[in-house]
Amino acid sequence: MALPRKTSKLTAVATAVALAMAPIPALAQQAKGPPVIRDTEAEQLLREYTRPILRTAGLEKQNIQIVIINESVFNAFVADGRRIFVNYGAMMQSETPNQIIGVMAHETGHLAGGHLSKMHEQMAQAQTQMIIAMLLGAGAMVAGSRGGNSNGGLANAGAAVVAGPQEMIRRTLISYVRQQEENADRAGVKFLNATGQSAKGMYETFKRFTNDSLFAARGADPYVQSHPMPAERVAALEEMARSSPYWDKKDDPALQLRHDMVRAKISAFMERQDTVYRRYPSSNDSLPARYARAITTYLHGDLRSALAQIDGLIQLQPNNPYFYELRGQALLEGAKPAEAIAPLRKAVSLSNNAPLIEMLLGQALVATDNKAYTEEAIAILRAAVARESEAPLGYAQLAMAYGRKGDFAQADLASAQAAFLRGDNKTARELASRAKTRFAVGTPGWVKADDIVAAKPLPGQNSN
Ligand SMILES: [Zn+2]
């Protein structure tokens, strides 16, 4: 499966995940496509980066998910105790696996410490309180000064109002946040040491964001907002990191290559074509550069040239599932679904049945309009949605396959599930109500449809 782009049928999903993020204003405001990026290769790499850290933190049983957010600025945060959110920009800006692993270790520190969204909530709340206090204080001062000399006492009272709550809130907030950040740093370094990894990358990344650095001075950086980084904190981190026996440990070259491949893929899908060619000029013969150019060639319409480039990649790494996935996706989007089937089958098998790739295969089977594929498509898509229940694409394709078979009860149910995952509750309820009339009362399909009809709109959604 691919990363989203503005002009294509989006394979990214706005799921229940997105709704969990609704309270975060920066995300609620964005209007540039789906908030979440789904890509097996990138997700798999981030999972491998994070798994040992979660294990050593005692969180391996919590089934913590890594969610990639469609944002180019650097950010990573935890918000609900079940997920670590990472902007794709954080991957792009991390030159080594160790740098992003350090960030994940710090975020795991927040998870393990149970800091979670409390900190962000407290910050948002305190910021609001601070603004209100400032406005009230300023109002009082203006009123006071207008009263003239005879009311000098009131004017001073106004100034006192400003300094009072604002300063108190500010101090409480700062100490609260600092404490949590220091705890997360300490926990992060401990996790890295316990897994035999260097905390150098974590230090390098945070140093970049030190509050008095040029980077931070540029203003409203979301990472600095959620992770204030005074110089003394970074100094303390450096001391901890340097004292580790792993300080100088280098990333495994094979892992560095996979990291560079994912960064190349993200660049190719998310950045302007001229930017992609500037980062990966044709003079650069490395595998990541060739990957980026193959992707951008297919995205910009030259299917024949893209396929030739992808075949070159496959020759170099014949067991890389993501090259076959790319070939299949290029063919599928190039309106050649029958030709997409073989490479997608290969990608499914090489990726150990990655559900997002299975969904793409299901989509290709359905898109052929060949009824001989209908049963197989249904079987593959059902298996995929059972393991990956938050991607609407699987249900949407399943609905089409059932429709082709003439099973309209299942088709309505699957359409309802797709609509529900897209956050379209009104359509989900309508389709589920119709599905209920097609199933016998009390059958599993009827029960699932009934669940959707009865489901409460998720927070932030319109209930009608
Ligand atoms: Zn933090």
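Each value in this text was obtained by applying a stated rule to the coordinates, not by laboratory testing. Just so you know, these numbers come straight off a predicted model, no measurement behind them. With ideal geometry, Cβ positions are generated from the backbone for all residues, glycine too; neighbour counts draw on all protein chains shown.
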First select every other residue whose beta carbon is under 14 angstrom from the beta carbon of Thr374; then total the charges, Lys and Arg +1, Asp and Glu -1. 0
Of Lys265/Lys371; Lys405/Lys456; Lys346/Lys371; Lys265/Lys336, pairs whose Cα-Cα distance is over 25 Å: Lys265/Lys371; Lys405/Lys456
Positive-end extreme of charge dipole, region 320-440 - chosen from Ala330, Leu350, Ala372 (charges on Cβ): Ala372
Rounded FRET efficiency, nearest 0.05, which uses the C-beta distance separating Ala231 from Ala308 and R0 of 51 Å: 0.45
Between the alpha carbon centres of region 335-351 and region 249-302 the gap in Å comes to 22
Nearest 0.05, what FRET efficiency do His300 and Ala194 give at R0 = 51 Å with Cβ-Cβ as r? 0.65
Give me the log10 of I(q) over I(0) for region 377-464 at q = 0.17, 0.18, 0.19, 0.24 Å⁻¹, as the Debye formula computes it from C-alpha points; what are the numbers? -0.63, -0.71, -0.79, -1.19
